[in-house]
Amino acid sequence: MKTDTSRGIQAMVLSCIAFASMWVMIRYASRDVHAFEIVFFRNAIGTLWLLPMMLRNPGLIRRERLTANLRRATSGFIATMGTFYAVSHAPMATVLSINYTAPLFATVGAVLFLGERIHIRRVLALAAGFVGMLIVLRPGAVPLTPGIIAAMISAVSTAFSIVAIRALVGKDDSRAVAAWSFILMTIPSFIAALPVWSWPPLHAWVLLVMIGGAAAIGQLTLSRAFALAEASAVLPYDFVRFALIASFGIGLFGERLDGYTILGGTIIFATTIYLAVREAKVARDARAASLPEQPG
């Protein structure tokens, strides 16, 4: 697909708005529905939201791509369960700051599992990012609640999803990548929700339908953003999500945004941007080196 940075940025901003709105609705819905049930309804209703698109494009979901997408969906399932539980039980800005460490863990995973080489600049960037995480968590000063632990599990699981996505880049339509994640996670999330199952009250169904819609829009636009432009071009705009979620947390739920969370979150975010820029430069240099020499 031809690079279109402007449209990629627009898609990223739309995904930020969709995901920030979804987090607010998760917090409200969690007052009446367990977080694990919300994950199931997110997947089931999100699949229904995407069904018209899949019916209009009958070749979009290809069975031969099942295995590759299953690897991503496995880690994505754990990440989604962790994120929804964390959003329901911990300050949203803190959860997002922890979530921003996923690319750092993904870089480590790429070195360990994909055999990627790592140089001193990336090592220093990783160290800075993990220092930022320590600033947010402040071990010993901030209680290690179940919500915070869930956010950390989500970040590590998201990292595995990022590593798995690298195997899909250039092979799957961005719409298919989003649709597979909903389809493959629906049944496992239903099984996980059974031990805590109770039917949602009538007024919660509106929120659940909206959560499914926001998740579908967010996944589609996020996949679209990375399909249209390089990660280094669109990732900086993900900070829109942090601004929105922090504002919603303060304005709607009375959460306190302390300076440590802002400082640590900014360090983590800046580190992920730097790593994305470095990876883009390395990829461009590799492509340039592989081009045949032109006669002078």
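The values are calculated or read from the model by the stated rules, or taken from the named source; none is laboratory data. Computed from a prediction, not measured in an experiment: that's the story for all the values here. All Cβ positions, glycine included, derive from the backbone under ideal geometry; neighbour counts span all protein chains shown.
General remarks:
- Residues of segment 84-101 satisfying the condition of being over 16 Å from Leu257 (Cβ atoms) and not hydroxyl-bearing (Ser, Thr, Tyr): Phe84, Ala86, His89
- Within segment 75-104, tally of residues that are in a helix (DSSP H, G or I), touching a Phe, Trp or Tyr at 6+ places or on another chain (Cβ under 8 Å) and either modelled with pLDDT under 90 or not hydrophobic (A, V, I, L, M, F, W, C) (or both): 4
- Selected residue (criterion: surrounded by the most Cβ atoms within 10 Å (Cβ to Cβ)) from residues of segment 31-64 that are more than 21 Å from the chain's Cα centre (by Cα), charged (D, E, K, R) and assigned to a helix (DSSP H, G or I): Arg56
- Flag if Val142 is aliphatic (A, V, I, L, M), modelled with pLDDT under 95, farther than 22 Å from Arg71 by Cβ and surrounded by fewer than 18 Cβ atoms within 10 Å (Cβ to Cβ): yes
- The requirement of being closer than 17 Å to Leu50 by Cβ, within 21 Å of the chain's Cα centre (by Cα), modelled with pLDDT of 90 or more and of a type in the set (Gly, Ala, Ser) is fulfilled somewhere in segment 178-199, by at least one residue.
- Ala79 being within 14 Å of the chain's Cα centre (by Cα) and within 26 Å of Asp238 (Cα to Cα): yes
- Any helices (runs of 4 or more DSSP H) falling wholly within segment 154-272 and containing at least 2 residues that are of a type in the set (A, V, I, L, M, F, W, C) and within 18 Å of Ala18 (Cα to Cα): 174-193, 204-228, 239-253
- Against the numbered list (1) in contact with a His (Cβ under 9 Å, 6 or more places away or on another chain); (2) among the hydrophobic types (A, V, I, L, M, F, W, C); (3) not in a helix (DSSP H, G or I), Ile148 comes up short only at (3).
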